[in-house]
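To start, the structure itself, in structure tokens.
The values are calculated or read from the model by the stated rules, or taken from the named source; none is laboratory data. All values derive from a computational prediction rather than experimental measurement. Ideal geometry is used to build each Cβ from the backbone, glycine not excepted, and the neighbour counts take in all protein chains shown. Calculation scope for accessible area: heavy atoms of the full protein, side chains included, ligands and nucleic acids excluded. Shrake-Rupley method; radii C 1.70, N 1.55, O 1.52, S 1.80 Å.
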Amino acid sequence: MGSRTYHDPLHGAIRLDRAVPAEALVIDLIDTAPFQRLRRIRQLGPAYLTFHGAESSRFTHSLGVLQLARQALTALLHLEPALEGQAGVLYAAALLHDVGHGPLSHSGEEMFGLKHERWSGRLIREHPDLRGPLEAFAPGCADAVADLLEHGQADHAAIKALVSSQLDCDRLDYLLRDSYSTGTSYGSLDLERILASLTLAPDGGLALHPKGLMAVEHYLVVRNLMYRSVYNHRLNVVCNWLLSRCIAEARQLGPERVWADAVMARWLWQPQQLDLATFLGNDDIRTGYHLQRWCEEGPAGLQELSRRLLERRLLRATDVSALAAEQRLTLLARAGRLSAQAGLDPERCCGLHQQQNRGYHPYKGGLRLWDGHQLGALEQRSALVRSLIQPSETAWLIHPPEVTTALRRELELESGDNPA
């Protein structure tokens, strides 16, 4: 077949033509088993338990990133036609950037303690279904794509920035897509203006024309709001905590007491010995099936944790961000004592989740403005962007519903909100 079209809810028709060598490469990569597996990996992990529409897959997102990479490259080719030679590496990296994700995406990284960038690089270097088409396209292409995803190394700085920076195609797509699927209104971006403002600085790196400044400011604010309202939503924090506790409990109990098939057994108890086939064998379906089996026939503690997730009998989360670190730990200990008095095991229902967020990193792929005469850092031109540099910390105390009233009464006393 000479061409194909994917109809995307965000980007419309994504048409790929085999007559274009880089697009023929992409078609071959899409049809591989490692990439098709991404249909079985949820983009937002367990967020569907909080936002019922959050069912999109890494497969869908990866096609979106590819489409944005194509549009961005088209915009830059008017400035530097030689970038056409980078199309294969760029398209493959955009498409395969998430091929190394474990079950439930970023939640799986926390649960199992892995880094998807490392696994993406390993699969591209070692799996014949991926390495074969890449090397057939151009000798050395597989290593070039893997180096770009693992280490941020590329022959051209602009290509690296399109794949991994503070305004890369990955971030643009996931903000739009996650906002769409969760039903939140924060993720509306002026994508057309952002892409139109892409330019090349005198050093060959990616930059932005000042005409796109407000669109980029809006993008950074949107990203900050999405982290606060979706990615770090209190119930999402609870679900991720429960998932991590499930895996930790299963690992601690061991294969003598916990049922697992051959693939999951390797993931649980021999993670350093994962080969390519065993890695690819785990996805949301297999992990979900194990949670179901543990809910039905696992040891009591593992049953309880699994059931909370599968039946959505979630724990509560109380915001303790305003408290000092010592006060947070004191309140956690109090939650444990109250839970024990209620006949619950504190290890399985009490926890503290603390996270620091920064809306913009000036020295981590920092963005630059270039108007053809003057090159400068984005934060130098924008007070709004400067305000996003300051890190903010969120802290959630996780606890069972049974102790909520008593805990929040104590929190009022700790924070001085009680007028008495």
- Which residue pairs have Cβ atoms under 7 Å apart, sit 6 or more places apart or on different chains, and have a first residue in region 265-291 that is closer than 17 Å to Ser105 by Cβ and free of Cβ contacts under 8 Å to residues at least 60 places away in the same chain and a second that is of a type in the set (S, T, N, Q) and part of a helix (DSSP H, G or I)? Leu291/Ser306
- When only residues in region 109-129 that are at pLDDT 95 or above and among the small types (Gly, Ala, Ser) count, which is nearest to Leu280 (Cα to Cα)? Ser120
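Residues of region 151-167 being small (Gly, Ala, Ser) and either in contact with a strand residue (DSSP E or B) (Cβ under 6 Å, 6 or more places away or on another chain) or open to solvent by less than 50 Å² (accessible area, probe 1.4 Å) (or both), which ones? Don't jump to the end; show me each part of the working.
Of all residues in region 151-167, those small (Gly, Ala, Ser) come to 152, 154, 157-158, 161, 164-165.
Listed by number, the residues that qualify are Gly152, Ala154, Ala158, Ala161, Ser165.
When region 232-254 is examined, which residues are found to be without any contact (Cβ under 8 Å) to a residue 24 or more places away in the chain and open to solvent by 10 Å² or more (accessible area, probe 1.4 Å)? Before the answer, list the steps.
Initial filter on region 232-254 (without any contact (Cβ under 8 Å) to a residue 24 or more places away in the chain): 248, 251-252, 254.
Residues satisfying the conditions are Ala248, Arg251, Gln252.
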- Message: I need every pair where a residue in region 47-59 that is in contact (Cβ under 8 Å) with a residue 12 or more places away in the chain and closer than 20 Å to Asp98 by Cα has its Cβ under 6 Å from the Cβ of a residue that is of a type in the set (Lys, Arg) and surrounded by fewer than 20 Cβ atoms within 10 Å (Cβ to Cβ), sequence separation at least 6 or different chains.
- Response: Ser57/Arg39; Phe59/Arg39
- Near pairs, Cβ below 6 angstrom, 6+ apart or cross-chain, from region 307-335 (surrounded by 14 or more Cβ atoms within 10 Å (Cβ to Cβ)) to any residue that is in a loop (DSSP other than H, G, I, E, B): Leu315/Cys349; Leu315/Pro400; Arg328/Val320; Ala335/Cys350
- Unique residue being free of Cβ contacts under 8 Å to residues at least 40 places away in the same chain and among the basic types (Lys, Arg) when the list is Arg193, Arg177: Arg193
- Message: On the basis of being surrounded by 20 or more Cβ atoms within 10 Å (Cβ to Cβ) and outside any helix (DSSP H, G or I), does Asn282 make the cut?
- Response: yes
- Within region 121-141, restricting attention to residues that are under 23 Å from the mean Cα position of the chain (by Cα) and aliphatic (A, V, I, L, M), which residue is surrounded by the most Cβ atoms within 10 Å (Cβ to Cβ)? Ile124
- Here are some residues: Glu117, Glu135, Glu110. Which one is touching a helix residue (DSSP H, G or I) at 6+ places or on another chain (Cβ under 6 Å), in a helix (DSSP H, G or I), closer than 26 Å to Val238 by Cα and without any contact (Cβ under 8 Å) to a residue 60 or more places away in the chain? Glu117
- Spans of strands (runs of 3 or more DSSP E) in region 325-385 with at least 1 residues in contact with an Asp or Glu (Cβ under 7 Å, 6 or more places away or on another chain): 351-357
- surrounded by 21 or more Cβ atoms within 10 Å (Cβ to Cβ) and either more than 26 Å from Ala317 (Cβ to Cβ) or touching a residue at least 12 places away in the same chain (Cβ under 8 Å) (or both), is that true of Val221? no
- Flagged in region 390-405 as open to solvent by 40 Å² or more (accessible area, probe 1.4 Å) and outside any strand (DSSP E or B), in numbering order, are Gln390, Pro391, Pro401, Glu402, Thr405
- Query: How many of the residues making up region 336-387 are within 24 Å of the chain's Cα centre (by Cα), more than 30 Å from Gly212 (Cα to Cα) and open to solvent by less than 40 Å² (accessible area, probe 1.4 Å)?
  - Reply: 1
- Residue check, Ser339 over 29 Å from Asn240 (Cβ atoms) and touching a helix residue (DSSP H, G or I) at 6+ places or on another chain (Cβ under 8 Å): no
- Task: Could you please find all residues in region 13-56 being touching a Phe, Trp or Tyr at 6+ places or on another chain (Cβ under 8 Å), surrounded by fewer than 19 Cβ atoms within 10 Å (Cβ to Cβ) and within 21 Å of Asn236 (Cα to Cα)?
- Result: Glu55
- The residue that is nearest to Ile124 (Cα to Cα), considering only those in region 255-267 that are out of contact with any Gly (no Cβ under 9 Å at 6 or more places or on another chain) and open to solvent by less than 30 Å² (accessible area, probe 1.4 Å), is Ala265
- Task: Of all residues in region 168-214, count the ones that are open to solvent by 10 Å² or more (accessible area, probe 1.4 Å), of a type in the set (A, V, I, L, M) and closer than 21 Å to Ala94 by Cβ.
- Result: 8
